[in-house]
Each structure stands twice: as C-alpha cells, then as structure tokens.
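Beneath this line is the structure, given in structure tokens, with notes to follow.
The values are calculated or read from the model by the stated rules, or taken from the named source; none is laboratory data. Owing to the predicted nature of the structure, the values given are computational and were not obtained by experimental measurement. Cβ placement follows ideal geometry from the backbone for every residue including glycine, while neighbour counts extend to all protein chains displayed. Side chains are part of the model used for accessible areas, which takes the heavy atoms of the whole protein and leaves out ligands, DNA and RNA. Shrake-Rupley method; radii C 1.70, N 1.55, O 1.52, S 1.80 Å.
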Amino acid sequence: MLQFQLRASRAGAPVGSPLFSVFQVNLGVAGFILIADNATFWQRSLDVFGSGLHFLMFGAAISALTFFIVALFGMNPLRRPMLAALLILAAATGWFQDRMGITIDRDMIGNVVTTTFDEGRHLITLRFLIHVLAFGLLPALVVLRLPVRDRGWSGFMRSALTACLALALGAGLILSDFKTFSAILREHKELVAAWQPAMPIGSAIRYAKLEMRTRQVVAAPLGLDARKGPLLAAAGKPVLTVLVVGETARAQNWGLNGYTRDTTPELRSRGVVNFPSVESCGTATAVSMPCMFSVLPRSRYSQEKGLATENLLDVLAHAGVAVEWWDNNTGDKDIAARVASARVPEVADACGEGECTDAAFLPLLDRTLAEMDHDTVLVLHQIGSHGPAYHLRYPGASERFSPACQSAEFSRCSDEEIRNAYDNSIAFTDHILAEMIDRLARQDRVIPALVYVSDHGESLGENGLYLHGAPRFMAPETQTHVPMVLWLSEPFRATMALDEGCLRDHAAEPASHDNLFHSLLGLMDIRTSVRDAALDRVSTCRAAAS
C-alpha cells in the first residue's frame, strides 16, 4: 500500500489515485479521436468498402496507424501537452471536415496561414467553440490530469516498441491485400483526405517543407523583350485596362450564364462579352490567383515554379506599362511583389467592422481616371462573395433575394437562405462592375477596357460541401467553373482594331485561367516572345492590318 501511494505521489496525482500506463493513455486518445473526430472518414469508408471484410481490415489498419501517430506524440517528456494539442487539433479539423466538408490539405494550411483576422474570424463560430471545448479541450484536460506511470528509459523503449508494432500491424493489414487497397485508395483519394489527425498533420509538414524550399527563391526575369505594339504606341491617349479579380464567384449562379435568377442584370445591360465556360486553376485564392497570373499552364504550375518566374504584371512593366495592384482581400500572394501595390483605402460608406465591400474601389477608380497619364493596368482584387459571411459582402439596401442568411454559422440557416445571401453578393458584384463600366464610359481622358474573372467557385451545400478549397482531384464543378466577362469601350475597340462580334462568336469556347496571361497581353497589344498566340483569346479577333 505504501509503495502504491508513493508511486501515485511521484506521478503528481492525489494519493490513492490509480496509475495509468503510457500505453493505456495512448490507446484511449487514439480511440477517442477515431470515434469523435472521424465521422466523415468512417462514412466514406462504408460507402467505398461496404460493410464486409475489406471494411473491417481497412478500419483496423487505420486504427492501428492512428495509434502509431498518437504514440509518436506520447513518447517524450512533453507527452501530456503534446497529446492535449493533438486532441484539440483533431476536434477542430474534424469539425470543418464533418460539418462543412472542408479537407485540410496542404493548400488549406496555406489558406489558414495567409488569411486575415477579419476573414478568418467568421469561421470561429459559437458552435465551433462549443464543439472544440467538448471534444478537444475537456479531453485534453483529462489527459493533462491523468496520473501516468513513467518508467524512464525502459518506459520509453516499451512505448517505442508498441508504436512500431502498431505501424507493422497497420501496414501488414494493407499489404495483405495490397492490390485491392492500392487500387481503391488511388481511385478514392478523398477517403484518406478525411482521416483525422493524419491529414492535417501531414499537410502541415508538407506546407512547412514547401515554405522552406521557396523562402529564398528569386524570380527569374520573364518577357524582357516585351514592348508596346504599334496600336498601343499610337493610341494618342493613355490606355487603361482594369482587371478585376473576383473572389468566390461561381459560374452556376452567374445570371449571364443562364442561371434561373438574373443575378447580373446590370452587366447584361452594359453589353459585356460573357465567357460561360471558364475553368479555374485551383479552388482557393492562394493557389488560383498566382496560377492565373503565371505563364505556366495549370498542368505545369506549382507554387515553387510560380515564385521562381516573373509573372504577367512583370511582363507588362517591362513593356513600359504602369501597373498598380489594389487589394480588398487577403493580399497579392507575391504576384505584385515588384510593382506598386496597396490595400484599398477605407471609405465611410463602404467600410465597417474592419471590412469593406467592393464599393471601396469606386473612389479609387475615379482618382485613377482623373490623374493617370500613362498606359496602365489597374488590378483590383475583390472580397467579392467570400464566405461564410456572405451577408457582409453587400449593403443591406442591396438585398434582392430573401430571406438571406445573416450569420457566418451555416447551421443556423437553411440552404435556401444561404443561397439567397450568396446570390445577393453576386448581384452586388454585378452592380459594382456596372458602376466601374459607367465611370470608364463617361470620361474621355483615357481609352478604357475592363476584364473580370473570378479566382475560384464555391460550394453551397451540394453533397454536404460548403465554401471552397477542396483538393483539385475531388473538387466539384461548382468550385472550378468561374465567370469571366470583358467590356471594351468604343475608343478601345477602334484603337486596338478589335472586332467585338468576333469575340462574342468565340466566347462560348472552353477557356481557363491559362488564357488570362496571354489574352491580357494581346488585349493591350504587348509584343513579346512569351505570349502564346494559341492561348490568346483576343488577338484572333484583331483586324489583320494590325
């Protein structure tokens, strides 16, 4: 009895408390995570394997491998805080996977790291906090308070042995029918993508390795031979192309594409050229936006390659075109690293609670039109329809579809209310773009054009998915099919010898973000060897005489 009390005392627990072995604690943590934080994983496993032998074998393998991960965290002197952190992590990532269908892959880790406080805070809802408290913090406190037997070096070796046995068991079960399991896992990558905590831990490691590789990358020059073509050089007035990079607008809810609701009546009345079949490079801003400005096509693009080469804005600058980037979102993702860039100034009528609607761009455009005296490309990076707080993307007076969800917590709203709020944000983008076009059209100091393209789409509850950022291999079309429009003033069409009828005739042909780099150079009549005529959707409609 004395020996038991002495051991309990040394473990830091009240005298008389039972002592738990490290193995028992690790087993309990692994079991809890598998049950509490992996609902999506188990459901997908049932859908793929059914309820037969392969499901049991796969489930046993994943359980053993989960124990292995937990054991790695629980084999050091900091096992208690490490296991506590693991429980909280699994509770948080499991919430987003199970409730919103958000997979925590490497790109999503990048989104988390680069997002702003104002953008990210809308995801930290009361129900999320309650969930993390119940399934993360409380179990973590239990682990922190458990009296654990610590047998020093022998205990460490015993823990290492059980971890290795768990790894061997998990690997052995997979290898026992490797042909079947490997084929299924290649076909259903979304299965392992839902496994907590393996997916977020592995994704964080891959993101850290990527950041280490790209930290010292210097962009190689691109398009140093770029020059203004004869049409631009002889324009007589400064030429302005406004490139509006949209946020989270999906083609399915774009009125000009035939959506059942006319969410774009103002653009329709402005006579824009609409491109209904445009595919995005990625499903999140951190991937899609750098990719669309890159000379590399999506099939060859990577973050590392993108950072290692100058982009569209650099080529324009080499040609003597003034380039400005104005941001109302999470930044330029290093696209504007070598040109002028700034956050859009706050405007009283457009800004509140630390966020601005895209109406904040309008005074900026007015100032540019009044002051510019050089050929210019003005890039405006919108907040657009970024969720989940769609209701904050437009002023209340602009609400057209009701009842609209007034919360960032989707569980408080019906799918119809969520769709109404989202459609209101699309309609407000339509209004802002129309206001920009009107400002460009009614002045005569510059020769203007406007291009709009969204960075990626959005899921609104289809198949249990919300928001965006799904891995490209499993992303639904709602996250990859985006709207794009082009408006050319009459002076721009005349100066650049462009046939708008020809542009309309070819607008329905499939396009993608791959076309933006080359088409904008063509639109501005920039001559350079890096422009690929086959990807330029504009120059084919230019008069042969040019």
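Can you name the number of the only condition in (1) closer than 20 Å to Ser45 by Cα; (2) open to solvent by 80 Å² or more (accessible area, probe 1.4 Å); (3) touching a helix residue (DSSP H, G or I) at 6+ places or on another chain (Cβ under 9 Å) that Phe178 fails?
Exception for Phe178: condition (3).
Could you pull out the residue among Ala427, Ala475, Ala470, Ala421 that is without any contact (Cβ under 8 Å) to a residue 40 or more places away in the chain and crowded, with 21+ Cβ neighbours inside 10 Å?
Result of the check over Ala427, Ala475, Ala470, Ala421: Ala421.
Restricting to region 336-386, name every residue that is open to solvent by 60 Å² or more (accessible area, probe 1.4 Å) and of a type in the set (D, E, K, R).
Residues satisfying the conditions are Arg338, Arg343, Glu346, Asp349, Glu353, Asp366, Arg367, Glu371, Asp373.
If only one of Leu307, Leu231 is farther than 30 Å from Ala434 by Cα and not β-branched (Val, Ile, Thr), which one is it?
The match here is Leu307.
Which of the residues belonging to region 491-510 are among the hydrophobic types (A, V, I, L, M, F, W, C), open to solvent by 10 Å² or more (accessible area, probe 1.4 Å) and under 24 Å from Gly457 (Cβ atoms)?
Ala508
Considering every residue within region 66-82, establish whether at least one is in a helix (DSSP H, G or I), polar (S, T, N, Q), more than 18 Å from the chain's Cα centre (by Cα) and crowded, with 17+ Cβ neighbours inside 10 Å.
Within region 66-82, one or more residues are in a helix (DSSP H, G or I), polar (S, T, N, Q), more than 18 Å from the chain's Cα centre (by Cα) and crowded, with 17+ Cβ neighbours inside 10 Å.
From Phe68, Phe58, which residue is touching a residue at least 40 places away in the same chain (Cβ under 8 Å) and in contact with a Cys (Cβ under 9 Å, 6 or more places away or on another chain)?
Phe68
Looking at (1) under 28 Å from Arg268 (Cβ atoms); (2) surrounded by fewer than 22 Cβ atoms within 10 Å (Cβ to Cβ), which is the only condition Ala533 fails?
Looking at each condition in turn, Ala533 falls short on (1).
Quick check on region 214-233. Is at least one of its residues outside any loop (DSSP other than H, G, I, E, B), touching a helix residue (DSSP H, G or I) at 6+ places or on another chain (Cβ under 7 Å), at pLDDT below 95 and open to solvent by 50 Å² or more (accessible area, probe 1.4 Å)?
Checked against the condition, which is being outside any loop (DSSP other than H, G, I, E, B), touching a helix residue (DSSP H, G or I) at 6+ places or on another chain (Cβ under 7 Å), at pLDDT below 95 and open to solvent by 50 Å² or more (accessible area, probe 1.4 Å), region 214-233 yields no hits at all.
Condition first: within 20 Å of Phe293 (Cβ to Cβ), of a type in the set (A, V, I, L, M) and out of contact with any His (no Cβ under 7 Å at 6 or more places or on another chain). Now tell me which residues in region 211-225 satisfy that.
Val217, Val218, Ala219, Ala220, Leu222
Look at region 504-534 and say how many of its residues are closer than 23 Å to Glu247 by Cα and of a type in the set (A, V, I, L, M, F, W, C).
Looking only at that region, the number is 8.
Filter region 253-275 for residues that are part of a strand (DSSP E or B), open to solvent by 10 Å² or more (accessible area, probe 1.4 Å) and in contact with a Leu (Cβ under 7 Å, 6 or more places away or on another chain) and give the result.
Within region 253-275, just Asn274 meets the criteria.
Within the set of pairs 6 or more residues apart or between chains, which connect a residue that is touching a residue at least 40 places away in the same chain (Cβ under 8 Å) inside region 337-361 to a residue that is open to solvent by less than 70 Å² (accessible area, probe 1.4 Å) and among the basic types (Lys, Arg) with Cβ atoms less than 8 Å apart?
Thr357/Arg393; Asp358/Arg393
Suppose we filter Ala434, Ala389, Ala449, Ala404 for residues that are open to solvent by less than 30 Å² (accessible area, probe 1.4 Å), in contact with a helix residue (DSSP H, G or I) (Cβ under 8 Å, 6 or more places away or on another chain) and at pLDDT below 95; which single one remains?
Answer to the check: Ala389.
Kindly evaluate Glu247 against the criterion of being of a type in the set (Asp, Glu), closer than 23 Å to Ile437 by Cα, open to solvent by 10 Å² or more (accessible area, probe 1.4 Å) and touching a His at 6+ places or on another chain (Cβ under 6 Å).
No, not satisfied.
Please report, ordered by residue number, the helices (runs of 4 or more DSSP H) entirely within region 416-532 with at least 2 residues that are of a type in the set (A, V, I, L, M), farther than 30 Å from Lys189 by Cβ and touching a strand residue (DSSP E or B) at 6+ places or on another chain (Cβ under 9 Å).
514-523
Applying the selection to region 276-295, what residues are open to solvent by 10 Å² or more (accessible area, probe 1.4 Å), in a helix (DSSP H, G or I) and in contact with a Gly (Cβ under 6 Å, 6 or more places away or on another chain)?
Ala286, Pro290
Here's a check for you: in region 437-446, which residue that is exposed (fewer than 15 other Cβ atoms within 10 Å of the Cβ) and not acidic (Asp, Glu) is nearest to His374 (Cα to Cα)?
The residue in question is Arg445.
Quick check: anything in region 316-324 surrounded by 16 or more Cβ atoms within 10 Å (Cβ to Cβ), within 27 Å of the chain's Cα centre (by Cα) and more than 30 Å from Asp225 (Cα to Cα)?
no
When you go through (1) touching a strand residue (DSSP E or B) at 6+ places or on another chain (Cβ under 9 Å); (2) farther than 22 Å from Val70 by Cβ; (3) open to solvent by less than 40 Å² (accessible area, probe 1.4 Å) one by one for Pro147, which number turns out not to apply?
In the conditions (1) touching a strand residue (DSSP E or B) at 6+ places or on another chain (Cβ under 9 Å); (2) farther than 22 Å from Val70 by Cβ; (3) open to solvent by less than 40 Å² (accessible area, probe 1.4 Å), Pro147 misses (2) alone.
Being more than 30 Å from Gln43 (Cβ to Cβ), in contact (Cβ under 8 Å) with a residue 12 or more places away in the chain and either open to solvent by less than 70 Å² (accessible area, probe 1.4 Å) or part of a helix (DSSP H, G or I) (or both) is true for just one of Arg127, Arg99, Arg158. Which residue is that?
Testing whether each residue is more than 30 Å from Gln43 (Cβ to Cβ), in contact (Cβ under 8 Å) with a residue 12 or more places away in the chain and either open to solvent by less than 70 Å² (accessible area, probe 1.4 Å) or part of a helix (DSSP H, G or I) (or both) leaves just Arg158.
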